[in-house]
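Report on the structure given below.
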Amino acid sequence: MNWLELTSLMPLLIVASISVILLLLIAFVRDHKLTCWVTCVGFIMAAFFAFADMGNTAQQVTPLLIIDDFSRLLGGVVLLVSLACAWMSYAYLETADEICEEYYILLSLAALGACVLVASNHFASMFIGLELMSVSLFAMVGYMAHSKQQANMTLEAGVKYMVLSGVSSSFLLFGVALIYAYAGTLTIDLQVVADGPHLQSGYLIVGSALLLVGVAFKMSWIPFHMWTPDVYQGAPAPVTGFLAGAVKVAVFAFAMRWLMMAQGDYLDLLLLGLTVMAVLSMVIGNLLALRQNNLKRLLGYSSIAHMGYIIVTLAATATHGAAALSTALEGAAIYLITYASMTMLAFTVISQLAAKDRRFESGTLADYEGLLFQQPLLAGSLILAMLALAGMPLTAGFIGKYYLVLVAVDSQLWMLLSLLVLGSSLGLYYYLRVILVLCKPPVSDRLMVLGTSEKLLLLLLVAATLWLGIYPTPVIEWVQLAIA
Amino acid sequence: MQLLGIIISLLGGGVLALIVGRQSASASRWLSLASLVVASIFYTSLWLDSTSSLSTSIWLMHMDWPWIERFGIHLLLATDGLSLVLIGLTLVLGYVALLSAWHEINHRCGLFYLNFLFTLAGVVGVFSALDLFLFFVFWEVMLVPMFLIIAIWGHEGRRYAATKFFIYTQASSLLMLAAMVGLVLLNQQQTGVLSFSWFTLTQTDTSGTIGMWLMLGFYIAFLVKLPGLPVHNWLPDAHTQAPTPGSILLAGILLKTGAYGLLRFVWPLFPDAASAFAPIAMGLGVISVLYAAKLAFAQNDLKRLIAYTSISHMGFVSLGIFAWNHLSLQGTVMQMVGHGLSSAGLFAIAGLLQQRFHTRALDKMGGLWSLMPKLAALSMVFAVAALGLPGLANFIGEFMILLGVFQVEPWAASLAALGMILAPVYALIIMQKGFFGAPVGDKADVLDLNARELLMLGLLVAGLVLLGFWPNLIFTVTAAPVDYLMNLGKGVSI
């Protein structure tokens with residue numbers, strides 16, 4: 001490993017070292033604030049290195065990891081999401097009746113896994129990354145298991161996530177094994193197997209299908225979505241934010257990389273599978289969200305729908321290959337970035353509210369009544385997040401949706417486009433419901449004071465969501481650079 | 001620059017109103033008034049420019065800044081005579097709505113005026129944006145504040161109405177977004193240029209099936225906003241449940257954005273598809289005119305009744321636009337302005353009655369003429385304006401539309417002319433049920449109009465009479481742009 005390879009691995013190394021440093025630190029000093037600071041600074045440094053490195057040539061570091069601009073960009077996004085997550089966790093854990101320092105170790109491990117996943121072009125590193133992320137998340141989802149306030153929900157969520165994630169991993173692993181049996185290599189770039197199939201390509205077809213199932217579990221594409229609402233509802237709000245933001249970005253980045261490499265007849269099968277999942281996720285995801293009464297659960301279904309929309313870019317890649325690739329890739333990256341910003345905004349609000357009163361995450365929407373007039377900043381941010389998720393112009397969500405429409409029209413995916421329109425129209429109803437609840441007259445007096453750092457995080461995310469919507473040019477140029 | 005000045009003064013005024021609204025409600029009212037005045041000053045200077053420059057070019061001012069270079073999206077604002085007239089209408093109705101809000105809106109004033117001024121800014125943007133992407137942004141942006149106005153300050157069924165309004169508009173505009181992207185990519189295929197500029201896209205060859213599909217995407221979005229049958233269903237609820245200033249904005253100017261879109265985008269961008277589709281669109285227009293008039297007659301809720309008359313009147317607009325000749329288009333513009341003024345007046349009256357009697361039900365009114373002669377007389381003016389009495393603006397509009405349509409599709413004109421019979425029926429039923437006869441219940445102590453209310457309604461009556469007797473005030477300004485659009489829409493290259 002030469003110096004260049006080492007520097008390009010810098011973000012990963014920093015994130016890995018956060019967990020080691022924290023382990024040592026906690027052994028000597030138990031200080032929640034210090035722990036959180038170390039984590040945040042680590043994430044900032046790692047994200048800085050990831051972004052600063054952009055524009056440099058792609059580095060294949062060992063056969064396992066490829067550090068190109070795509071992985072730098074999305075790795076950076078994952079790290080920023082993790083940063084927001086660590087930041088909002090502080091206030092949340094401060095009010096929890098649970099020891100909280102170890103949480104940050106798990107968070108940094110999960111972030112490391114996500115970064116590895118983004119950068120992997122080898123099935124082994126993919127599996128390592130995915131498992132590192134998932135295993136840390138089991139613990140994070142169930143972190144409040146001994147807390148008196150929220151043990152029931154969180155324990156259920158943790159176990160559910162663990163079992164289903166385990167099942168999906170075994171599917172995925174079996175798929176990888178079959179692909180290995182076909183290709184004799186674990187690299188995802190199967191074009192290197194130039195001397196023809198070693199076995200019947202049935203191995204490849206079944207293997208790819210199983211791999212897709214594994215990915216679909218993580219992306220919570222219907223019909224592999226069962227865990228999503230329960231886990232979203234039961235997990236602590238910052239963890240839900242991580243699940244909705246970082247995990248989705250990382251897994252999708254891998255899926256994109258994998259499908260870009262894929263060629264041949266088995267693509268038709270994958271395309272069929274993707275289309276079916278897209279249709280189901282867009283329609284059923286939105287339909288199931290309509291009558292949800294818990295905000296986190298509602299956002300769970302909303303994320304199912306959003307992940308359904310983004311399949312458009314995968315389908316474009318699978319249908320048109322290289323011709324559609326650059327637009328599709330650009331669209332996917334932009335969508336992931338915009339989705340991360342708005343979904344983190346929503347979960348930051350929930351987490352900050354839940355830090356004051358746990359009812360905001362476990363209770364019904366009715367608890368949010370009148371919040372606009374009592375907590376204008378928090379409620380205003382939540383309204384902005386809802387409008388962004390609904391795809392209103394001047395917010396990040398619109399730019400993402402615009403890209404998807406562009407990709408769909410460009411690749412002539414008319415059915416997916418019409419379902420995208422239908423799904424988004426259905427989705428309006430429940431986003432508006434949340435806004436309407438916030439605008440109702442207040443029911444009770446609630447006095448909550450936000451700390452400066454909480455306000456700062458909120459304002460940063462609001463700024464990001466608006467900036468992406470109002471003046472996306474810099475980000476678009478950046479993304480174009482990353483996929484060039 | 002004046003256009004930007006108008007938009008920015010409205011947006012800035014809104015933000016300031018929110019800030020001062022926390023301290024004092026009346027400060028936010030005066031501040032909104034001030035920001036409207038500033039916008040009007042910019043507008044006046046724009047109008048003065050028009051007298052000198054309209055003779056040389058139909059475009060008054062042109063502002064073109066790059067925005068999202070990746071897709072050739074620009075901040076492209078321009079006005080021609082048509083936009084100028086509609087922006088003028090927007091500002092006038094802004095004053096009227098502000099006056100009606102003055103005492104009706106008592107809680108969360110700052111937030112109300114923020115939404116109010118943002119809606120106005122969005123509408124001005126819609127009327128002046130000539131980059132399709134920018135147009136779409138304004139189109140959507142005026143939706144959110146209007147939604148909040150209905151949802152927070154509306155009447156008993158406000159949340160249902162607001163949601164319905166939002167979903168109808170937003171769902172249809174997603175179709176428009178898809179069609180817009182399709183058009184831009186089609187243009188890119190033909191010319192190699194990626195641009196959202198209206199000036200570039202009107203040169204695109206949109207003949208063929210694809211043109212028809214794209215046209216339908218735009219048409220449906222505008223038909224929902226207009227609204228026309230069969231997608232008019234959101235309107236009666238939204239108009240009825242909105243607070244008075246909201247109803248005035250909705251009926252007076254938000255509906256006009258749909259008509260404006262048909263004029264500015266559907267025909268010029270898709271000449272072939274639009275002319276092929278014209279008979280169907282005119283058929284829908286005729287059905288709107290007659291069916292909505294019949295529905296209006298059957299209503300007991302005063303605001304609902306007025307809402308249905310709007311649909312009926314917008315049917316005429318639909319007819320006029322799809323006849324696409326000089327007469328019908330000029331008539332359409334006049335109808336838009338006339339309906340803007342008269343429906344605003346009727347909604348203002350309904351608001352005043354509701355403030356006094358806490359009901360909108362016609363059968364609980366009755367005999368009001370003897371109690372409130374001033375209000376009753378002014379109601380009469382708006383009612384006869386709505387039914388198309390000669391001497392008021394609406395008559396000129398409807399008459400010219402019918403003349404224009406008759407040249408193209410005599411059957412459509414003949415059927416729509418029946419609307420002229422139905423209009424008096426629903427307009428006079430308001431007068432008969434509400435104002436004539438013996439007073440119902442104990443209403444002895446009601447107050448007639450005060451000075452503010454007189455000013456508000458007087459402004460509208462003055463406009464109606466002025467345009468009724470001197471329609472050339474508008475026609476001279478819109479003649480050139482209407483011809484320009486007409487030629488574009490006939491596929492004549494300019």
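The values are calculated or read from the model by the stated rules, or taken from the named source; none is laboratory data. All figures in this text were calculated on a predicted structure; none of them were measured in a lab. Heads up, the Cβs are rebuilt from the backbone with ideal geometry, glycines too, and the neighbour counts pull from every protein chain shown.
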Can you go through A:71, A:82, A:120 and tell me which one is closer than 20 Å to residue A:347 by Cβ, crowded, with 24+ Cβ neighbours inside 10 Å and of a type in the set (S, T, N, Q)?
A:82
Select from the stretch B:177-196 the residues that are in a helix (DSSP H, G or I) and more than 10 Å from every other protein chain (Cβ to nearest Cβ) and write down the one among them that is farthest from residue B:210 (Cα to Cα).
B:191
In the stretch A:88-145, how many are acidic (Asp, Glu) and either closer than 30 Å to residue A:61 by Cα or in contact (Cβ under 8 Å) with a residue 60 or more places away in the chain (or both)?
4
Looking at (1) touching a Gly at 6+ places or on another chain (Cβ under 9 Å); (2) in a helix (DSSP H, G or I), can you tell me which one residue B:350 breaks?
(1)
If residue A:425 satisfies all but one of (1) in a helix (DSSP H, G or I); (2) surrounded by fewer than 24 Cβ atoms within 10 Å (Cβ to Cβ); (3) more than 8 Å from every other protein chain (Cβ to nearest Cβ); (4) in contact with a Leu (Cβ under 8 Å, 6 or more places away or on another chain), what's the number of the condition it fails?
(3)
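A quick yes/no check of all residues on (1) within 20 Å of residue A:354 (Cα to Cα); (2) facing chain B (nearest Cβ under 9 Å):
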position	(1), (2)
A:442	yes, no
A:452	yes, no
A:456	yes, no
A:460	yes, no
A:467	no, no
A:471	no, yes
A:478	no, no
Sole miss for residue A:75 among (1) assigned to a helix (DSSP H, G or I); (2) free of Cβ contacts under 8 Å to residues at least 60 places away in the same chain is condition (2)
Given (1) in contact with a Leu (Cβ under 8 Å, 6 or more places away or on another chain); (2) over 21 Å from residue B:252 (Cβ atoms), residue B:82 misses just (2)
Check A:438, A:426, A:461 and return the single one that is within 24 Å of residue A:80 (Cβ to Cβ) and touching a residue at least 12 places away in the same chain (Cβ under 8 Å).
A:461
The one condition residue A:57 fails out of (1) under 26 Å from residue A:145 (Cβ atoms); (2) outside any helix (DSSP H, G or I); (3) free of Cβ contacts under 8 Å to residues at least 60 places away in the same chain is (1)
For the subset of the stretch B:142-163 comprising residues that are over 19 Å from residue B:110 (Cα atoms) and either within 10 Å of chain A (Cβ to nearest Cβ) or touching a His at 6+ places or on another chain (Cβ under 7 Å) (or both), which member is surrounded by the fewest Cβ atoms within 10 Å (Cβ to Cβ)?
B:160
Tell me, which residue of the stretch A:365-403 that is in a loop (DSSP other than H, G, I, E, B) and within 30 Å of residue A:418 (Cα to Cα) is nearest to the other protein chains (Cβ to nearest Cβ)?
A:393
Could you check residue B:200 against (1) in a helix (DSSP H, G or I); (2) within 11 Å of chain A (Cβ to nearest Cβ); (3) surrounded by fewer than 23 Cβ atoms within 10 Å (Cβ to Cβ) and say which number it fails?
(2)
Might you let me know whether the stretch A:272-284 holds any residue that is in contact with a strand residue (DSSP E or B) (Cβ under 7 Å, 6 or more places away or on another chain) and crowded, with 21+ Cβ neighbours inside 10 Å?
no
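Name the one entry in A:416, A:353 that is in contact (Cβ under 8 Å) with a residue 60 or more places away in the chain, crowded, with 21+ Cβ neighbours inside 10 Å and within 12 Å of chain B (Cβ to nearest Cβ).
None of the other options fit; the residue is A:416.
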Is it the case that the stretch A:3-11 has a residue that's among the acidic types (Asp, Glu), closer than 25 Å to residue A:65 by Cα and touching a residue at least 12 places away in the same chain (Cβ under 8 Å)?
yes
Given the criterion farther than 30 Å from residue B:103 by Cβ and of a type in the set (D, E, K, R), identify the matching residue among B:483, B:448.
B:483
Are any of the residues in the stretch B:278-286 buried (at least 24 other Cβ atoms within 10 Å of the Cβ) and among the β-branched types (Val, Ile, Thr)?
yes
Conditions first: (1) under 20 Å from the mean Cα position of the chain (by Cα); (2) buried (at least 24 other Cβ atoms within 10 Å of the Cβ); (3) of a type outside the set (D, E, K, R). Residue A:316 passes all but one, so which condition is the exception?
(1)
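May I ask you to say which residue of A:340, A:324, A:333, A:316 is within 14 Å of chain B (Cβ to nearest Cβ) and either touching a Cys at 6+ places or on another chain (Cβ under 8 Å) or modelled with pLDDT of 90 or more (or both)?
A:333
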